[in-house]
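Chemist: One structure, as structure tokens, below. Some questions next.
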Amino acid sequence: MKKLLVGLVAGALALGATASWAADPVTLQLKWVTQAQFAGYFVAKDKGFYTEEGIDITIKPGGPDIAPEQVIAGGGADVIVDWMGGALAAREQGVGLVNIAQPFKKSGLLMICPKDGPVQTEADFKGHTLGVWFFGNEYPFYAWMNKLGIPTEGGADGVNVLKQSFDVQPLVQKQADCISVMTYNELGQAIDAGFTTDKLVIFNYTDLGNDLLEDGLYAMEDKLADPAFADKMVRFVRASQKGWQYAIDNPDEAAQIVIDNDESGAQTLDHQKYMMGEVAKLVDAKDFKLDAAAYDRTEKALLDQKIIQNKPSGAFTSAITDKL
């Protein structure tokens, strides 16, 4: 009987220890499909960096019909990857998003036009058709046109806006005079389609001072008020930062990890290697803190274009990154 009691107590203690060491679940919603744009998170999962921080991670890919702001508002994620334009617009609509870390320091957004086409400079935009992504990706473009004083409703003095697909077909099929591309994705597709950089006029949002912050990490304000959740976010961001550093240091391996996580089977290893090389130019894995000047520029552009009506308050915090 004594041995039985001892055994029961030992078993109970073992169960208690297991429960106390159980990893904290975190669900991350990506802004787009599984690709090297998000390599750091997949690498952190594959290499066990989240496990080391006591995080049980679930990474949910995005897509054309998935709005990360809606997913997190509905409780389907703890943290999302989002562009700041979309996040601040959602915050003004009542979704309490807060930027907790900013891995991407530079924009990868470009507008490209065939060199033998009608658009050679910004002054040539008027009267022509420009391809633009929507679902929150249109905000940098509209801020740019507002800065240039060019209407976006068409006409001889304005531009016609084509709601562009997430590929380069509008350029190939000559549906638009210029299209939107990311340095790490569609630019490579354009090159593969014969539009090599020597055959393109390239407008770089960053070089023109029109870049708005992209691919930040956002959590809900009410959840961040809970110290346990905030601690979980510190551990999540720390593991993510480690994952991004490993991905940048080992780009080919990172590309393969992305392929291994792509359940759709749509990605190719060569394209993911290309993407990883370009994404590495945008991410600062040693510093995930939000740059105040970049935030101010993004906020001002959104206010000027009336994408948001009021100056945001509490839209970002350094409380997470200060503890890394």
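Chemist: Looking for something farther than 15 Å from Ala87 by Cα, of a type in the set (A, V, I, L, M, F, W, C) and in contact with a Lys or Arg (Cβ under 7 Å, 6 or more places away or on another chain) - is there at least one such residue anywhere in segment 212-231?
Modeler: yes
Chemist: Have a look at Ala228, Ala219 and point out the one that is surrounded by fewer than 15 Cβ atoms within 10 Å (Cβ to Cβ) and farther than 18 Å from Tyr139 by Cα.
Modeler: Exactly one residue qualifies, and that residue is Ala228.
Chemist: On to the next question. Of the numbered conditions (1) surrounded by fewer than 22 Cβ atoms within 10 Å (Cβ to Cβ); (2) touching a residue at least 40 places away in the same chain (Cβ under 8 Å), Gly265 satisfies every one except a single condition; which is it?
Modeler: The one condition Gly265 does not meet is (2).
Chemist: In the list Ala266, Ala225, Ala193, Ala254, which residue meets the criterion of being aliphatic (A, V, I, L, M) and under 30 Å from Gly314 (Cβ atoms)?
Modeler: Within the list Ala266, Ala225, Ala193, Ala254, the selection yields Ala225.
Chemist: Restricted to segment 98-110, and to residues that are of a type outside the set (Gly, Ala, Ser) and under 14 Å from the mean Cα position of the chain (by Cα), which residue is nearest to Gly40 (Cα to Cα)?
Modeler: Within segment 98-110, the match that is nearest to Gly40 (Cα to Cα) is Pro103.
Chemist: For segment 289-321, give me each residue that is of a type in the set (A, V, I, L, M, F, W, C), more than 21 Å from Phe141 (Cβ to Cβ) and free of Cβ contacts under 8 Å to residues at least 60 places away in the same chain.
Modeler: Of everything in segment 289-321, those that are of a type in the set (A, V, I, L, M, F, W, C), more than 21 Å from Phe141 (Cβ to Cβ) and free of Cβ contacts under 8 Å to residues at least 60 places away in the same chain turn out to be Ala292, Ala293.
Chemist: If you don't mind, another one. Taking Val98, is it at pLDDT 95 or above and either on the phi > 0 side of the Ramachandran plot or outside the structural domain of Leu30 (by TED's automatic domain parsing) (or both)?
Modeler: Taking the combined requirement at face value, the residue does not satisfy it.
Chemist: Still on this model: How about segment 126-137: which of its residues are closer than 20 Å to Val168 by Cβ and touching a residue at least 40 places away in the same chain (Cβ under 8 Å)?
Modeler: If the condition is that a residue be closer than 20 Å to Val168 by Cβ and touching a residue at least 40 places away in the same chain (Cβ under 8 Å), then His128, Thr129, Leu130, Gly131, Val132, Trp133, Phe135, Asn137 are the ones that fit.
Chemist: Something else: If Phe203 meets every condition in (1) farther than 30 Å from Gly314 by Cβ; (2) touching a helix residue (DSSP H, G or I) at 6+ places or on another chain (Cβ under 6 Å) apart from one, which number is that one?
Modeler: With respect to (1) farther than 30 Å from Gly314 by Cβ; (2) touching a helix residue (DSSP H, G or I) at 6+ places or on another chain (Cβ under 6 Å), Phe203 is out only on (2).
Chemist: Identify, from the list Leu282, Leu303, the residue that is at pLDDT below 95, touching a Lys or Arg at 6+ places or on another chain (Cβ under 9 Å), farther than 16 Å from Asn99 by Cα and not charged (D, E, K, R).
Modeler: Leu303
To keep it simple, each residue is scored yes or no on (1) buried (at least 24 other Cβ atoms within 10 Å of the Cβ); (2) in the same structural domain as Gln256 (by TED's automatic domain parsing); (3) in contact with a helix residue (DSSP H, G or I) (Cβ under 9 Å, 6 or more places away or on another chain); (4) farther than 21 Å from Asp260 by Cβ.
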{"residue": "Phe42", "(1), (2), (3), (4)": "yes, yes, yes, no"}
{"residue": "Ile59", "(1), (2), (3), (4)": "no, yes, yes, no"}
{"residue": "Gln70", "(1), (2), (3), (4)": "no, yes, yes, yes"}
{"residue": "Gly74", "(1), (2), (3), (4)": "no, yes, no, yes"}
{"residue": "Trp83", "(1), (2), (3), (4)": "yes, yes, yes, yes"}
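Chemist: Ok, one more. Consider Asp198 carefully, then state whether it is farther than 30 Å from Thr27 by Cα, modelled with pLDDT of 95 or more and in contact with a His (Cβ under 7 Å, 6 or more places away or on another chain).
Modeler: no
Chemist: Of everything in segment 235-258, what is assigned to a helix (DSSP H, G or I) and surrounded by fewer than 19 Cβ atoms within 10 Å (Cβ to Cβ)? Give them in sequence order.
Modeler: Gln245, Asp249, Asp252, Glu253, Gln256
Chemist: Let me ask you something else. Looking at segment 196-206, is at least one residue in a loop (DSSP other than H, G, I, E, B) and within 30 Å of Gly94 (Cβ to Cβ)?
Modeler: yes
Chemist: Pull up segment 278-311, narrow it to residues that are buried (at least 17 other Cβ atoms within 10 Å of the Cβ) and not aliphatic (A, V, I, L, M), then point me to the one that is nearest to Val79 (Cα to Cα).
Modeler: Among residues in segment 278-311 that are buried (at least 17 other Cβ atoms within 10 Å of the Cβ) and not aliphatic (A, V, I, L, M), the one nearest to Val79 (Cα to Cα) is Phe288.
Chemist: Right, next: Quick one: Ala230 ticks every box in (1) modelled with pLDDT under 95; (2) among the small types (Gly, Ala, Ser); (3) within 30 Å of Ala23 (Cβ to Cβ) bar one, so which box is it?
Modeler: Looking at each condition in turn, Ala230 falls short on (1).
Chemist: Could you check segment 242-296 and list, in sequence order, the residues that are aromatic (Phe, Trp, Tyr) and either farther than 19 Å from Lys106 by Cβ or outside the structural domain of Lys60 (by TED's automatic domain parsing) (or both)?
Modeler: Selection gives Tyr246 alone.
The values are calculated or read from the model by the stated rules, or taken from the named source; none is laboratory data. Small disclaimer: the values here were computed from a predicted structure and weren't measured. No Cβ is skipped: glycine too gets one built from the backbone with ideal geometry, and neighbour counts run over all protein chains shown.
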